[in-house]
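Each remark here refers to the structure printed beneath this line.
The values are calculated or read from the model by the stated rules, or taken from the named source; none is laboratory data. All values reported here derive from a predicted model rather than from experimental measurement. Please note: Cβ atoms are built from the backbone with ideal geometry, for glycine as well, and neighbour counts cover all protein chains shown.
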Amino acid sequence: MAIVAETNRFSKTSRTVLAWLVGLLFFFPIFWMILTSFKTDAVAVKPEFLFSFTPTLDNYINMTENYDYWRFAANSVITSVFATIFTLVVGIPSAYAMAFNPSRRTKDVLMWMLSTKMLPAAAVLYPMTFLTKNFLGIFDTHFLLILVLSLINLPIVVWMLFTYFKEIPREIIEAGKMDGVSTWGEVREILIPLAWGGIASTALLCFIFCWNEAYWTVRLTTTEAATLSKLIEGNRAPEGLFFGRLSAVSAAAVGPIIVLGWFCQKQLVQGLTFGAVK
Amino acid sequence: MSKRKLARLLQTPAVLLLLVWMLVPLSMTLYFSFIRYVLNNLRRPEWTTPALSNWRGFGNYEFVLDAKDFWFAVQNSLFIVGSILFLTVTLGVLIAILINRAFPGRGIVRVLLISPFFVMPAVNAVLWINMILDPVLGLQGIAIGGINDLITLLKDAPLVGWFFSLWPTLEPISFRATQTSAYAVIIMVTWQWTPFAVLIFMTSLQSEDQQQKEAAVLDGAGAWSQFRFLTLPHLGRPIAIVVMIQAIFHLSLYAEIEIVSRGNGNKNLPYLIGEFANNNIGAASATGIFAVILANIVAIFLLRMIGKTLMD
């Protein structure tokens with residue numbers, strides 16, 4: 001038995017070490033980006049200053065002064081927040097109806113919704129640009145971006161909400177009906193409190209996807225509604241002589257979302273599996 | 001109002017919005033794919049405005065099928081998506097098993113691990129291709145330079161010098177060539193999406209039947225057969241989910257391809273559409289229709305496979 005205990009202790013130690021190594025390895029690129037953001041462009045490419053250098057805030061100051069970071073960040077916040085709200089406003093009733101009043105076609109509708117996400121955006125880019133520029137005149141507006149971000153996230157949001165709502169025992173809703181609660185009352189008094197966690201994590205994931213979206217946000221904007229994705233696209237200096245600058249902009253663009261993600265990783269996982277994994 | 005009617009009414013906004021979002025651009029793409037439509041043509045200015053009189057029939061489709069890039073782009077799309085799926089699922093299962101049992105600092109390791117998933121794709125690409133994979137200035141270049149210096153130094157060392165003088169000088173790999181930049185894309189997307197797979201598999205492993213496992217140990221089952229006959233079947237459903245969600249996201253991969261391989265020949269279907277769309281809208285639209293068909297084949301295959309288990 002002593003031998004077993006010995007090997008167990010060994011395997012536990014090695015498992016711990018290995019797990020930490022894997023975690024650090026995956027985090028390393030982000031750490032590296034943050035570290036480089038405190039180096040000047042000249043120091044950032046010199047091997048002898050990999051870890052020993054005098055930290056400087058120049059890149060961040062430069063970023064806010066010359067790149068107008070706050071305007072891009074404000075646009076990211078505005079479009080992501082409103083797109084999330086709009087998606088939820090449209091998605092909640094729909095998911096509610098599907099979960100509590102399913103018909104034979106509910107499953108097909110859900111599948112169809114998900115399949116719209118598979119349409120390659122590039123295939124419809126030109127018509128979209130054409131329509132919004134020449135006919136509707138809403139190209140490069142917050143309104144357009146909010147609408148598009150909502151539409152591309154709506155299928156995932158409806159799916160997630162649907163799976164959360166389905167978890168709610170129907171008996172509770174039935175009992176409410178017996179007590180003569182109206183449909184609206186049913187939603188407000190029973191559904192929302194019970195599904196609050198699910199709605200919150202859906203909103204969060206939707207917000208993250210909106211924030212990170214890099215296809216439509218880059219192509220349907222020029223200056224007015226340009227978000228942080230656009231700022232990064234504009235700053236990807238091809239021959240990388242500006243690592244310091246690049247890192248600062250990148251870190252400032254992903255920082256808020258990473259921190260937000262840390263706080264709610266558990267709910268996110270649950271939501272993303274569409275309730276299929278418990 | 002009856003319950004049924006109300007339910008339908010509540011669904012209407014979402015369904016209607018998605019229907020418009022799908023049908024309007026799609027029908028325009030379909031229309032453009034059957035006419036001659038280019039943005040710039042000095043000799044045939046009538047082609048620069050979309051009109052039925054420029055009808056081309058299946059001409060655009062033939063043009064695209066004959067373009068040498070088309071089949072390459074299809075293959076490359078499937079290669080990139082397939083590789084990412086394989087790597088994320090394999091790594092995901094291994095890492096999930098590694099961190100499934102409690103160890104000191106598990107919470108912190110979890111937080112470190114999930115972080116890449118929240119990085120925006122544009123930043124991911126810029127970070128990897130410049131600061132990590134660049135053959136001269138990136139960490140790859142620095143690391144290989146360091147190893148080479150070390151070997152040169154050791155060549156003059158007594159006793160072991162002969163051994164190191166046999167070593168070749170290492171060459172850093174440039175990830176900007178056609179083939180290697182596809183690898184670069186695979187590496188960076190795998191880095192971003194493995195955490196997602198890990199977390200989902202871990203959630204699933206928590207619900208694995210421990211009694212069954214103990215019984216297996218008592219019956220003398222080794223670690224491998226426990227994994228093969230208990231853990232892997234248990235992970236079937238989460239693996240299906242991970243594959244489906246990733247397929248949805250990666251078939252339309254664009255930002256990474258664009259940033260890594262601007263103009264070096266590495267392309268997937270969405271990127272090829274973008275290239276055509278610089279001038280030839282007709283061809284871009286025809287390629288778009290092909291991309292829709294490809295996505296549908298994958299979608300039908302996946303949704304059939306996974307849809308059933310999801311609805312029960």
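Taking the stretch B:164-180 as the search range and keeping residues that are in contact with a helix residue (DSSP H, G or I) (Cβ under 8 Å, 6 or more places away or on another chain) and among the small types (Gly, Ala, Ser), which one is surrounded by the most Cβ atoms within 10 Å (Cβ to Cβ)?
Among them, the one singled out is B:174.
Hey, can you tell me all the residues within the stretch B:246-284 that are facing another protein chain (nearest Cβ under 7 Å) and not aromatic (Phe, Trp, Tyr)? Break it down stepwise before answering.
First, pick out the residues of the stretch B:246-284 that are facing another protein chain (nearest Cβ under 7 Å): B:248, B:251-252, B:254-255, B:259, B:269-270, B:273-274, B:277, B:281, B:284.
Matches in the stretch B:246-284: B:248, B:251, B:252, B:255, B:259, B:269, B:270, B:273, B:274, B:277, B:281, B:284.
For the stretch A:93-105, which positions are more than 9 Å from chain B (Cβ to nearest Cβ) and part of a helix (DSSP H, G or I)?
A:99 - this is the single residue of the stretch A:93-105 that is more than 9 Å from chain B (Cβ to nearest Cβ) and part of a helix (DSSP H, G or I).
Limited to the stretch B:161-178, what total is found for residues that are of a type in the set (Gly, Ala, Ser) and over 23 Å from residue B:139 (Cβ atoms)?
Looking only at that region, the number is 2.
Hey, does the stretch A:74-88 have a residue that's of a type in the set (A, V, I, L, M, F, W, C), surrounded by 22 or more Cβ atoms within 10 Å (Cβ to Cβ), modelled with pLDDT of 85 or more and part of a helix (DSSP H, G or I)?
yes
Tell me yes or no: at least one residue of the stretch B:21-32 is more than 9 Å from every other protein chain (Cβ to nearest Cβ), within 27 Å of the chain's Cα centre (by Cα) and either within 30 Å of residue B:56 (Cβ to Cβ) or of a type in the set (A, V, I, L, M, F, W, C) (or both).
Checked against the condition, which is being more than 9 Å from every other protein chain (Cβ to nearest Cβ), within 27 Å of the chain's Cα centre (by Cα) and either within 30 Å of residue B:56 (Cβ to Cβ) or of a type in the set (A, V, I, L, M, F, W, C) (or both), the stretch B:21-32 yields at least one hit.
Just for the stretch A:184-231: of the residues that are buried (at least 17 other Cβ atoms within 10 Å of the Cβ) and of a type in the set (Lys, Arg), which one is farthest from residue B:124 (Cα to Cα)?
In this case the residue turns out to be A:219.
Filter the stretch B:235-245 for residues that are more than 9 Å from chain A (Cβ to nearest Cβ) and either modelled with pLDDT of 85 or more or surrounded by 16 or more Cβ atoms within 10 Å (Cβ to Cβ) (or both) and give the result.
Within the stretch B:235-245, B:235, B:239, B:243 meet the criteria.
Return the residues of the stretch A:120-148 that are over 23 Å from the mean Cα position of the chain (by Cα), more than 24 Å from residue A:89 (Cβ to Cβ) and assigned to a loop (DSSP other than H, G, I, E, B); say none if nothing qualifies.
Residues satisfying the conditions are A:137, A:139.
List every residue pair whose Cβ atoms lie under 9 Å apart, where the two residues are 6 or more positions apart in sequence or sit on different chains, the first residue falls within the stretch A:22-50 and is facing chain B (nearest Cβ under 7 Å), and the second residue, located anywhere, is part of a helix (DSSP H, G or I) and charged (D, E, K, R).
So the pair list comes out as A:23/B:110.
Take the residues in the stretch A:195-231 that are of a type in the set (A, V, I, L, M) and touching an Asp or Glu at 6+ places or on another chain (Cβ under 9 Å), then tell me which one is nearest to residue A:141 (Cα to Cα).
A:225
Out of the residues in the stretch B:196-233 meeting the condition of being of a type outside the set (A, V, I, L, M, F, W, C) and part of a loop (DSSP other than H, G, I, E, B), tell me which one is nearest to the other protein chains (Cβ to nearest Cβ).
B:207
For residue B:34, state whether it is crowded, with 18+ Cβ neighbours inside 10 Å and either out of contact with any His (no Cβ under 9 Å at 6 or more places or on another chain) or within 19 Å of residue B:296 (Cα to Cα) (or both). Before you say what the answer is, go through the steps one by one.
Numbers: crowded, with 18+ Cβ neighbours inside 10 Å: yes; either out of contact with any His (no Cβ under 9 Å at 6 or more places or on another chain) or within 19 Å of residue B:296 (Cα to Cα) (or both): yes.
Yes; evaluated as a whole, the condition is true for this residue.
Provide a single number: the residues in the stretch A:168-194 that are over 13 Å from residue A:100 (Cα atoms), outside any helix (DSSP H, G or I) and among the hydrophobic types (A, V, I, L, M, F, W, C).
Summing the residues that are over 13 Å from residue A:100 (Cα atoms), outside any helix (DSSP H, G or I) and among the hydrophobic types (A, V, I, L, M, F, W, C) in the stretch A:168-194 gives 1.
Counting residues that are under 17 Å from residue B:199 (Cβ atoms), at the interface with another protein chain (Cβ under 10 Å from one of its Cβ atoms) and more than 21 Å from the chain's Cα centre (by Cα), which helices (runs of 4 or more DSSP H) fully inside the stretch B:95-159 reach at least 2?
Passing ranges, in order: B:106-114.
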